[in-house]
Each structure stands twice: as C-alpha cells, then as structure tokens.
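Heads up, the thing below is written out as structure tokens.
The values are calculated or read from the model by the stated rules, or taken from the named source; none is laboratory data. Since this is a predicted model, take the numbers as computed values, not measurements. Cβ atoms come from the backbone with ideal geometry, glycine included; neighbour counts cover every protein chain shown.
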Amino acid sequence: MMSGLLTNWSRSTPPVIAVIDDDETERFLLSDDLRKWGYQSESFKGNYTDVKSLISEVRAKQSDFVICDNHLQQAGYARFFGAEAVVALIQSGIPSILVTQHQDSDVTRLKKWRPQLPVILDKSNIDKRNVELAFDKCSAEVKGIVAPDRRPYRVLMEVDGLYETEVIAFVDAWRPRESVSFPLNLLGSLAGSIGEGTLLLAEVNIGATNRRELFFTKFELAPEPDPDDGLS
C-alpha cells in the first residue's frame, strides 16, 4: 500500500524528487531507486557556491521534494553542509530531508539545525517506506502541522558535565536517567556562566523517541529555588 505521499498526490504525474549528494555513485543509485519506487528523479551535479544557487536550481527543475546528503564538500560539489541547505529549502516551502552516513559523529554537530530539520535519515535506512514516511512528516511540518515528537516544551535541565565544545545534561521531563549532549555554543552568552550542577530552562521536544531527535533552544538560567516555598 502506498503512503500518503503518493496516494494524496493531486497531479497526474508522480512527484519529482531532487537528489543532492557529492558522491556521483550514490546520486545514481538513489535516483534509480526512486524511479523504481514510482517517482521522478532529478540528480544534481554540484558546483554550488552558496545555498541560494542550489535553491534556484531546485526551483528551475521544478522539484517537489529534496533528498540531500549532509557532507557536500567533496570535489568542490558545494561550499556548505547539507543541513544548512535543507533548513533553507524547508523555509522556502520545499519539503526536504537530510541524510547522512556519519550520524553518530554528526548527532551533536547537527543540534544547531535540528529544530528546523523534521527528519534526518541514516543512509543505511533509506528505503521506500522510510522515504515516504519522512516526506509525509516533512510536508506536514512545512504546512505548520508539527508531529508530537517535534513539539518543544519549556523544561528544566541540569548540567552534568562540560567538555571543550560540548555540554552533558539531564532532562527529567524526557528521560531522567539518560544523559543528553549538545554543543556548548548553543548557549550563546550563557556559555561562560554554567558549570556542573547548573540548572537551565530550555525548550526541548520531549516527545522524541531517542536522543538523536532531540533539540534544544531558548536557553536561560533557571531561577534559584526559594528556600521558603517548601520545594527546595
């Protein structure tokens, strides 16, 4: 059975999916798979100096959706990361998903963009069902329909440790016994004011099913507990 991506498609011709990857073989294989799954596919050959030039080509080729790899710098394919491009594409109204084969090493680095990235797929998990589910979710978010696992809530966090560029913390409202991490630079001017045991308030999508999907925004120092309120 087809997912909503195709069953709810209103045009007589299948959707056009752009494939953006600095590996020519990967572009060819994914484009071939997409055509086998019933889509039209456009393979993008690169040489992008900025995100704007990429978006212009996506629009010129009338692509309905985009699949973009995160690492695009090989052989001068692009001068930016795919995450930056996908965020800009989504903001321009084009449903797009980010893929990476380095997700374990990228997970902390991608936190900067994660609030604007509805879906990140590992390359090893790309198949017809996952692509269709990803585009359904992304298309809904482009229209302002945010899935429960993507909705941010104001919650309390406790810093457990600091490294050179990374913060380790606990979010009781998510999983109180499982630590999370995020880049220190997300804290902005607060970075120099925190240490082990610091309490922070932040917006976190606590409906996420795993730490890779978590994002953190709008940090502030939590107020000191009032010793007279009976809660400290």
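Each residue in segment 161-189 was checked for being without any contact (Cβ under 8 Å) to a residue 24 or more places away in the chain and of a type in the set (Gly, Ala, Ser), and 2 pass. Take Glu196 and tell me if it is more than 26 Å from Thr100 (Cα to Cα), of a type outside the set (Lys, Arg), surrounded by fewer than 15 Cβ atoms within 10 Å (Cβ to Cβ) and modelled with pLDDT of 95 or more. Criteria met by Glu196. The criterion of being aliphatic (A, V, I, L, M), surrounded by fewer than 20 Cβ atoms within 10 Å (Cβ to Cβ), on the phi < 0 side of the Ramachandran plot and modelled with pLDDT under 95 does not hold for Val142. Checking Val167, Val159 one by one, the residue that is touching a helix residue (DSSP H, G or I) at 6+ places or on another chain (Cβ under 6 Å), in a strand (DSSP E or B) and surrounded by 16 or more Cβ atoms within 10 Å (Cβ to Cβ) is Val167 and no other. Would you say Gln116 is outside the structural domain of Arg212 (by TED's automatic domain parsing) and modelled with pLDDT under 95? No; evaluated as a whole, the condition is false for this residue. Just so you know, in segment 53-75 the residues that are in a helix (DSSP H, G or I) and among the β-branched types (Val, Ile, Thr) include one that is surrounded by the fewest Cβ atoms within 10 Å (Cβ to Cβ), and it is Ile55.
Within the span defined as segment 129-138, every residue fails to be in a helix (DSSP H, G or I), of a type in the set (Gly, Ala, Ser) and in contact (Cβ under 8 Å) with a residue 60 or more places away in the chain.
Considering only residues that are within 22 Å of the chain's Cα centre (by Cα) and within 17 Å of Val99 (Cβ to Cβ), which ones fall in segment 16-40?
Once the filter is applied, which keeps residues that are within 22 Å of the chain's Cα centre (by Cα) and within 17 Å of Val99 (Cβ to Cβ), segment 16-40 yields Ile17, Ala18, Val19, Ile20, Asp21, Asp22, Asp23, Glu26, Arg27, Leu30, Ser31, Leu34.
Going through (1) more than 17 Å from Val107 (Cβ to Cβ); (2) part of a strand (DSSP E or B) one by one, Glu141 falls short only on (2). When segment 218-232 is limited to residues that are assigned to a loop (DSSP other than H, G, I, E, B) and under 31 Å from the mean Cα position of the chain (by Cα), the one that is modelled with the highest pLDDT turns out to be Ala222. Any residue that is over 17 Å from Leu121 (Cα atoms), in contact with a helix residue (DSSP H, G or I) (Cβ under 6 Å, 6 or more places away or on another chain), in the same structural domain as Lys112 (by TED's automatic domain parsing) and not charged (D, E, K, R) - is there at least one of those in segment 6-14? There is no residue in segment 6-14 that is over 17 Å from Leu121 (Cα atoms), in contact with a helix residue (DSSP H, G or I) (Cβ under 6 Å, 6 or more places away or on another chain), in the same structural domain as Lys112 (by TED's automatic domain parsing) and not charged (D, E, K, R).
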